[in-house]
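Enquirer: This is the structure I have questions about; it appears just below.
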Amino acid sequence: MCAPELAALRERWLGAVTAALRGDPVVVGVALVGSLGAGTADDWSDVDLLVVVADEYLDEYSTRLPSGPGRLVFEIDARHNGPVGTRAVSAQYVVDGLPLWVDWHIHPVSRATWPADSTVVFDRQGISQASAALSEYRGEYEPATPKTLDEQDAMRLALVPIAGKQLARRSPETPRTIEFLGGTPETDWPDHLAALRELLNEFTNLDSLAAARAYLDLVEGTLG
């Protein structure tokens, strides 16, 4: 199930991006959340970053996030994944020809805490630690923003590698994700991979397509 090239490009991307965040005076602090923050990541893990900014820059900062060494090929407003008063962006970058999914969580410093499952990269103001994980928030969330048909199609393409990650991990969620993306789940792992490859024939974004195909090639190598 190993894919060391994915882990290597993720670490290179993170190194460049966290350096850029450190150099931005608007940014009060940054933490890794999700599996990277909790210390449970594997080669296939994506990036979840919590970025705390000065309150007055909340909306502006969500539109000028650093891209690191990768090329941004997809981004969408995902504020519905965060508490009221915060912002979130889901993005896909292509780094060394492979896709990297990043979930950005942007919080104003006035309401910021470090989740229990976070690893703090830097903190300029001594932000307090929460007792719950980011995913355990139980309050009101931001309403979702409307998505155009083009945005929905771009998101479907960007999510194909997410389904590929599930497949590489032999996750029981794989058939459900394939069906959500418009494909037809099969009965065994190689046939699931074939269903994902077939899905790619529906799209025309060459940058994202090439990266998704390269990613599925890596997945194929894990299926034995």
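The values are calculated or read from the model by the stated rules, or taken from the named source; none is laboratory data. Everything numeric here is computed off the predicted structure, so don't read it as measured data. Virtual Cβ from ideal backbone geometry, glycine too; neighbours counted across all protein chains shown. In case anyone asks, the SASA skips ligands and DNA or RNA and just uses the protein heavy atoms, side chains included. Shrake-Rupley method; radii C 1.70, N 1.55, O 1.52, S 1.80 Å.
Enquirer: What percent does the relative contact order of the range 149-223 come to when contacts are Cα pairs within less than 8 Å and at least six residues apart?
Expert: That works out to 35 percent.
Enquirer: Shifting gears a bit: Need one number: % antiparallel among DSSP beta bridges in the range 4-136, to the nearest 5.
Expert: The answer is about 75 percent antiparallel.
Enquirer: What distance in nm lies between label points placed 7 Å from Cα along the C-beta direction at A16 and E151?
Expert: Distance between the two pseudo-spin positions: 2.7 nm.
Enquirer: Hey, what angle do you get for helix 4-22 against the long axis of the chain, alpha-carbon based, 0 to 90 degrees rounded to 10?
Expert: 20 degrees
Enquirer: Further question on the same structure: How much of the DSSP beta bridge set in the chain is antiparallel, as a percent to the nearest 5?
Expert: Here the antiparallel bridges make up roughly 75 percent for the chain.
Enquirer: Now for a different question. What ranking do 193-199, 59-65 get when scored by the average of other Cβ atoms within 10 Å per residue, highest first?
Expert: 193-199, 59-65
Enquirer: Carbon and sulfur: what percent of the range 35-138's accessible surface (1.4 Å probe)?
Expert: Using a 1.4 Å probe with all protein chains present, the range 35-138 comes out at 45 percent carbon and sulfur.
Enquirer: Taking R0 as 22 Å, what FRET efficiency do you get between E56 and D24 from their Cβ-Cβ distance, rounded to the nearest 0.05?
Expert: 0.95
Enquirer: So how tilted is helix 189-200 from the main axis of the chain? Cα-based, degrees 0 to 90, rounded to 10.
Expert: Once rounded, the angle reads 80 degrees.
Enquirer: While we're on this one: Using 0.36 nm per residue, how much length does the chain from A130 to N205 gain when fully extended, once their Cα-Cα distance is taken away?
Expert: So the extension gain works out to 22.9 nm.
Enquirer: When only Cα pairs under 8 Å and 6 or more residues apart are kept, what is the percent relative contact order across the chain?
Expert: Relative contact order for the chain comes out at 19 percent.
Enquirer: So, one more: Dividing the Cα convex hull volume of the range 113-224 by residue count, how many Å³ per residue is that?
Expert: 174 Å³
Enquirer: Would you work out if the range 4-136 is rounded, prolate or oblate? Take a ≥ b ≥ c from the square roots of the eigenvalues of the alpha-carbon gyration tensor; rounded if a/c is under 1.5, else prolate when a/b is larger than b/c, oblate otherwise.
Expert: Here the range 4-136 falls in the prolate category.
Enquirer: Right, something else. Considering the values (i) 23, 23, 15; (ii) 31, 18, 17; (iii) 39, 21, 16, which represents semi-axes √(5λ) of the Cα gyration tensor in Å as calculated for the structure under consideration?
Expert: Matching entry in (i) 23, 23, 15; (ii) 31, 18, 17; (iii) 39, 21, 16: (ii).
Enquirer: Which whole-number percent of Cα pairs in the range 80-133 have a distance greater than 16 Å?
Expert: Cα-Cα pairs of the range 80-133 separated by over 16 Å account for 55 percent.
Enquirer: Sticking with this structure for a sec: By how many nm would the segment from L72 to R111 lengthen if fully extended, with 0.36 nm per residue of separation less the alpha-carbon distance?
Expert: Full-extension gain reported as 11.1 nm.
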